[in-house]
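Before any comments, here is the structure.
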Amino acid sequence: MDTLGQLPTTIDPPQSLPAVPPILSEPIESLPSKFSEYSIEFATSDLKKLVRGVQEHDLKCLNPQQYLNDVLIEFGLKFWQSELTFRNPQLGNQVYIFNPFFYHLLEMYNPEEGYKRVKTWTLTNKMEVDIFSKDFIIVPIHERFHWLLAIIYHPQYILPYGQISPTSPNPYISDPGTSEDTAIETDGSLNVGSRTIIYILDSLGGSHPQVASRLSMYLRLEAREKHQCSNTSSAIERIVKVPQQPNLIDCGIYLLHFAETFVELFDSLSKASDLQEDMWKLDRIKHYRTNIKKHLIDAMKSLL
């Protein structure tokens, strides 16, 4: 698989980043693993296929001071989801993960053309996945040589009446159109009720005003294509305050950690702003590279 782009050797550092524990590389044998009871044999065929395609240069991206590429981002997310489903089937089955190229294609074209290029991506083993039946849609984003994360929460509220699988009584009341300017609504209230929310999590704290707009428009076009309804609502954007990375290398590691922590903690919170700094479990992030490498190598050996 091609990567999303050649990463630069130097980038101007951001200012005033708070101190965060560095991400270390330690002997694999010394590290405890939350995945100790999980085996790749429980994984989906898609994840097994991904593991079989891993190359030596992908593994090298797990060394210290290296950027994670798209292969490792996809493996990290899907391995976590597969393990989560093993531990907690109800929650794991409510998560859907898009390939890192998904958003890349959306932003390259106008909304209609971008949607045409990704509308078949919800096919899994030739079976159509209804993303409106999921609670969490995970969208890894590679933007200007940096990984950030978008999480769509309760996408079904885009649909009329907030139903899981509705058929619109009058499907052409208001067409979603192609204007990105009208695809996202910003609401200052904390409790938004039955609304789809697009959470943005960025370990460098940047501004990404087009991300939620494009994803909201994607949902509306998906509703028109898959549910034959166009009287849809727009999503609400929320910026989540997250720990900041201490360097310019580890954005991919933070993306994986944010996805895992956010989804597994979210249902116990009344709102995303309740996620306090100590709840992000930064002690675990220190060994993320080594743990991912261990799980990936073990999976590769198991599938030989």
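Per-structure values
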quantity	calculated
Test: Thr261 is at pLDDT 90 or above, in contact with a Pro (Cβ under 9 Å, 6 or more places away or on another chain) and assigned to a helix (DSSP H, G or I)	no
Residues satisfying the stated conditions in segment 83-105, i.e. touching a residue at least 12 places away in the same chain (Cβ under 8 Å) and within 25 Å of Lys119 (Cβ to Cβ)	Gln94, Val95, Tyr96, Ile97, Phe98, Asn99, Pro100, Phe101, Phe102, Tyr103, His104, Leu105
All positions within segment 190-208 that are modelled with pLDDT of 80 or more, in a loop (DSSP other than H, G, I, E, B) and within 17 Å of Phe136 (Cα to Cα)	Ser194, Arg195, Thr196
Any hit, segment 118-136, residues being closer than 21 Å to Gly252 by Cα, hydroxyl-bearing (Ser, Thr, Tyr) and in contact (Cβ under 8 Å) with a residue 24 or more places away in the chain	no
Whichever residue in segment 267-292 is crowded, with 19+ Cβ neighbours inside 10 Å, at pLDDT 80 or above and within 20 Å of the chain's Cα centre (by Cα) and, among such residues, is farthest from Leu62 (Cα to Cα)	Trp280
Count of residues meeting criterion [more than 14 Å from Ala259 (Cβ to Cβ) and surrounded by 16 or more Cβ atoms within 10 Å (Cβ to Cβ)] in segment 135-149	3
Scope segment 215-241; condition in contact with a Leu (Cβ under 6 Å, 6 or more places away or on another chain) and surrounded by fewer than 23 Cβ atoms within 10 Å (Cβ to Cβ); matching residues	Val240
Tally of residues being more than 18 Å from His142 (Cβ to Cβ), in a helix (DSSP H, G or I) and touching a residue at least 24 places away in the same chain (Cβ under 8 Å) across segment 43-73	7
Matching helices (runs of 4 or more DSSP H) fully within segment 83-189 where at least 3 residues are touching a strand residue (DSSP E or B) at 6+ places or on another chain (Cβ under 9 Å) and either modelled with pLDDT of 90 or more or among the aliphatic types (A, V, I, L, M) (or both)	101-108
Conditions (1) of a type in the set (Val, Ile, Thr); (2) at pLDDT below 95; (3) surrounded by 23 or more Cβ atoms within 10 Å (Cβ to Cβ); number of the one not met by Val211	(2)
Residue count for segment 76-94, restricted to those that are touching a helix residue (DSSP H, G or I) at 6+ places or on another chain (Cβ under 7 Å) and either of a type in the set (Phe, Trp, Tyr) or closer than 23 Å to Asp250 by Cβ (or both)	8
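The values are calculated or read from the model by the stated rules, or taken from the named source; none is laboratory data. Computed from a predicted structure; not experimentally measured. Heads up, the Cβs are rebuilt from the backbone with ideal geometry, glycines too, and the neighbour counts pull from every protein chain shown.
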